[in-house]
Every structure is written in structure tokens, then in C-alpha cells.
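Reviewing the structure listed below.
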Amino acid sequence: MAGRNTGLPMYLLLVEDDLNLGKALHKLLREHFRVDWVRTLAAAQERFAAAGYDVLLLDLGLPDGDGVRWLEALRAAGCQTPVLIVSARDELDDRVKGLDRGADDYLVKPFEPEELLARIRVLLRRKAGSAQPRLEAGPLSYAPDSQQFYLDGAPLGVSPQERALLAVLIQAGGRPVSRERLLQQLYGLGDGVDSNTLEVRIHGLRRRLGRERIETVRGLGYRLVAS
């Protein structure tokens with residue numbers, strides 16, 4: 001599966017509590033995408049809030065909650081991320097309920113890997129064909145469709161690494177983003193990340209935006225400041 005024109009691979013969140021299936025799916029999906037895998041609803045909520053994912057793969061029977069209820073809450077909050085439910089619940093009522101509560105597709109376990117990948121590709125094509133609203137943080141704005149940043153209305157020139165970090169920060173909506181999450185963005189570019197790479201990229205962004213625009217939050221990571 002090809003990544004975006006910028007070279008950034010598509011980013012998926014896999015929510016699957018079964019250890020063996022989760023390992024198998026994670027291995028499969030990593031051949032085509034960047035993937036985070038979590039096994040609980042609490043972990044899914046935390047990860048989803050901290051990063052911008054292109055597709056959410058959601059199991060329903062999680063040990064600490066119901067995936068359908070979380071999905072319903074996401075849609076009520078205006079979340080438009082494509083969601084593919086992957087569940088062993090194969091009754092018609094379950095499938096209808098999942099789709100009615102906001103899922104874009106529903107895949108019943110067990111399934112063939114090729115079908116899962118095909119359904120993800122369909123969701124990504126749909127997403128690419130729909131305009132996404134710009135995100136704003138003070139004088140900075142971001143157009144997700146083109147992955148272009150603007151500062152005071154003018155295009156902002158940033159490297160692919162800086163763009164990847166800044167996209168996560170602006171998608172966080174003013175919440176702190178952990179060093180781990182930001183390093184994951186850099187690893188996805190395959191550039192060979194060392195312990196100083198993140199600080200170097202953050203320094204570069206501060207130079208372009210102003211030091212006060214990216215705040216270091218002790219013990220939590222970094223936060224993009226809107227004003």
C-alpha cells in the first residue's frame with residue numbers, strides 16, 4: 001500500500017485484545033502501514049487522543065468496555081476517522097448496530113488477510129476523496145488533504161520530519177504529546193532516528209514558529225500553543 005505523496009505511510013490504530021490474533025494482525029499490517037496496537041479500551045482512547053490516525057480497526061468485546069459505545073461517542077464528538085469493526089460478533093443485529101453507531105465497515109472473524117487489506121484500502125480511498133477541514137492553532141493552520149502548513153496565510157516550508165511532528169502536535173488540539181509518540185512519527189519515515197533527532201527537529205520548528213509556540217511540558221512531552 002503506497003503512502004502519501006509526502007512519503008509518510010498511512011497510520012492505523014489496531015484495537016484487539018486477543019494476544020495471538022493481535023500479534024498476527026500487527027505483523028501483517030506493518031508490511032503496508034504504520035500501526036499502533038493496543039489491547040484495552042482505555043489504551044485505545046489514550047492513543048487515539050494523542051495522534052491522528054488514518055483508520056481505526058476496532059474490536060468490540062474489549063476487557064474494559066464496549067467498543068460500540070466508544071465509537072458512538074467518537075462520532076457524537078465529530079470524529080470523522082474511518083472505522084472498520086473487526087469482530088467475532090456475526091449476528092445481523094450486531095453488524096447493523098455497529099454500522100448504525102458509526103462504523104464505515106464491519107468484518108467478521110475469521111477472515112482472510114487479503115480481505116482485511118482490501119477493506120482498509122477502500123476506506124483510505126474514501127477518505128482521500130473527501131475534503132477535510134483545516135486545523136488551526138493561532139497563526140498556524142494545516143490542510144490535512146495536501147499536508148501543507150501555513151503561517152499567517154503563507155505556505156510554511158518544513159522538512160518531512162518537521163511536518164510529521166507538527167501534524168501530530170496540531171492534531172492534538174493543544175494537548176501535550178509524549179516524546180514516544182513523536183519519536184514514532186520519525187521512525188515511520190525510516191530515517192534512522194537517534195536520541196537527539198527529536199530535539200533537533202523541535203528546535204527547527206521553534207526557529208520557524210517562535211520558541212513560545214512549542215511548549216515543553218515536563219513529564220508529558222511537547223504541546224503546540226495556539227496563542
Net length gained if the chain between Ser159 and Arg208 were fully extended (0.36 nm per residue, minus Cα distance):
16.5 nm
Rounded to two decimal places and with Rh computed the Kirkwood way over Cα pairs, what is Rg over Rh for the stretch 135-224?
0.93
For helix 160-171, report the angle its Cα long axis makes with the longest principal axis of the Cα atoms of the chain; keep it between 0 and 90° and round to the nearest 10°.
70
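Ignoring everything except DSSP H segments at least 4 long, calculate the 222 nm mean residue ellipticity for the chain; use -39,500 (n - 2.57) per segment, divide by total residues, nearest 500.
Numbers: 8 runs with 91 residues, N = 227.
Rounded to the nearest 500, it is -12500 deg cm²/dmol.
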Show me 164-173, 80-89 ranked by packing, highest mean number of other Cβ atoms within 10 Å first.
164-173, 80-89
So, in nm, how far is label Glu199 from label Leu19 when the simple model puts each one 7 Å beyond its Cα toward the Cβ?
3.8
Eligible aspartates and glutamates near Lys97 by straight Cα distance, threshold 13 Å, same-chain separation 8 or greater
Asp66, Glu72, Asp105
Quick check: pseudo-label points 7 Å beyond the Cα along Cα→Cβ at Leu220 and Glu136, how many nm apart are they?
2.4
What is the helix-to-structure angle for 67-76, meaning the angle in degrees between its Cα long axis and the longest Cα principal axis of the chain, kept from 0 to 90 and rounded to the nearest 10?
50
Which of these values of mean projected area of the Cα convex hull in nm² was calculated from the structure shown: (i) 14.9; (ii) 12.7; (iii) 11.7?
(ii)
Find how much the distance from Tyr150 to Arg75 grows on full extension, using 0.36 nm per residue of separation minus their present alpha carbon separation; answer in nm with one decimal.
24.2 nm
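Nearest 5 percent is fine: what portion of the DSSP beta bridges confined to the chain is antiparallel?
Details: 16 of 32 bridges.
Counting DSSP beta bridges with both partners in the chain, the antiparallel share is about 50 percent.
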Roughly speaking, what is the stretch gain from His32 to Val96, that is 0.36 nm per residue apart minus the C-alpha to C-alpha distance, in nm to one decimal?
20.1 nm
Measure nothing fancy, just the Cα-based angle from helix 41-50's long axis to the longest principal axis of the chain, in degrees from 0 to 90, nearest 10.
30
Return P(r) of the stretch 86-163 (all Cα-Cα pairs; 5 Å bins starting at 0; whole %; ordered from short to long distances).
3, 12, 16, 14, 12, 10, 11, 10, 7, 4, 1
In whole Å, largest first, the alpha carbons of the stretch 11-128 cover along the principal axes 33, 32, 29
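Rule-based calculations on the coordinates, nothing more; no lab input. Worth saying up front: this structure is predicted, and the values here are computed from it rather than measured. Every residue, glycine as well, gets a Cβ built from its backbone with ideal geometry; the counts of neighbours run over all protein chains shown.
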